[in-house]
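**Q** Below you'll find the structure I mean.
The values are calculated or read from the model by the stated rules, or taken from the named source; none is laboratory data. Please read these numbers as outputs of a predicted model, since none were measured by experiment. FYI the Cβ positions are ideal-geometry reconstructions off the backbone, even for glycines, and counts take in every protein chain you see. With ligands, DNA and RNA removed, areas are computed over all heavy atoms of the protein, side chains included. Shrake-Rupley method; radii C 1.70, N 1.55, O 1.52, S 1.80 Å.
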Amino acid sequence: MGIESFISKRYLISKHKVNFITIISLISIAGITIGVAALIVVLSVFNGFGSLVTSFLISFDPHIRIISTTPTESINLEKIKSLLNDFSDVKGVSPFVSGKVLAYSAGINQVVNLKGIDSLYANDVYDIKPNIILGHYSFTGDDGTSKVIIGLRLADKLQTIIGDTITLISPSGIEKAITQYLLPSMQKFIVAGIFSSNNNEYDAQFIFCSLGASQKLFNYKIEFRVLMLG
């Protein structure tokens, strides 16, 4: 028996009658026990809350964003994917195009964030499909029409439902359009699905479409998103 155990036993298990020192010891032990228990509960709650918030954030905004600074014609997408996939911590890689657009529907205008994603690789990075509450996951119709998936709060703001048509107007080239009296770059889309991400910012501000449609609106600004394991 070590000296620490001997001293602890003498103080905790005393053969003498209960005195003032013993009462103080019991109160101290009870206080330490309650304090440690409260600390464990608080840390567990915060860890759980942190994991929940992280899962909400990376569902629609993965860990790493790679933005191109070179002309789009010189980007080798397959080479970039191959380099990123060599890292063991990388779960998925998907090219994307993003930017601000003006969404117009039924006389209502709303400035939103448009993200064009590759449907072949997007499921490895984004959790859009399991979060769709109305409609379905589709960016192209059988007749070749372009489709979008929008957030629940945004659908409410634009007063749109599945099957409605919305017009997206891009700021790309808008100065040239004004000076030369031309129409700015715009495209019509059919609402294919409505998602709910449990994040008011995403639900109220984001629209997802195909990579090709967004490249046309934003003049081929190609970027990458990477989802890491853990």
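**Q** Considering only protein heavy atoms, what per residue accessible area in square angstrom results for region 70-150 with a 1.4 angstrom probe?
**A** Result: 53 Å² of accessible area for each residue.
**Q** Return the long-range amide H neighbours of Gly116 (sequence gap of 5 or more, or a different chain), with a cut-off of under 5 Å between placed amide H atoms.
**A** Val97, Ser98, Cys209
**Q** What is the Cα centroid distance between region 90-144 and region 194-221, reported in whole angstrom?
**A** When both Cα centres are located, 4 Å separates them.
**Q** Give, as a single signed number, the net charge of other residues whose beta carbon lies under 15 Å from the beta carbon of Tyr104, with Lys and Arg counted +1 and Asp and Glu -1. List each step's numbers first, then the result.
**A** On the way: positive: Lys100, Lys157, Lys188; negative: Asp164.
Residues close to Tyr104 contribute a combined charge of +2.
**Q** Provide the gained length on full extension for the span Asn219 to Val111, in nm with one decimal, where the gain is 0.36 nm per separating residue minus the Cα-Cα distance. It would help to have the intermediate numbers written out before the result.
**A** Details: separation 108, 0.36 × 108 = 38.88 nm, distance 1.87 nm.
Value of the extension gain: 37.0 nm.
**Q** Which entries in Lys147/Lys216; Lys157/Lys216; Lys188/Lys216; Lys115/Lys157 show an alpha-carbon gap greater than 21 Å? List each step's numbers first, then the result.
**A** Details: Lys147/Lys216 14 Å; Lys157/Lys216 26 Å; Lys188/Lys216 12 Å; Lys115/Lys157 19 Å.
Among Lys147/Lys216; Lys157/Lys216; Lys188/Lys216; Lys115/Lys157, the Cα-Cα distance tops 21 Å for Lys157/Lys216.
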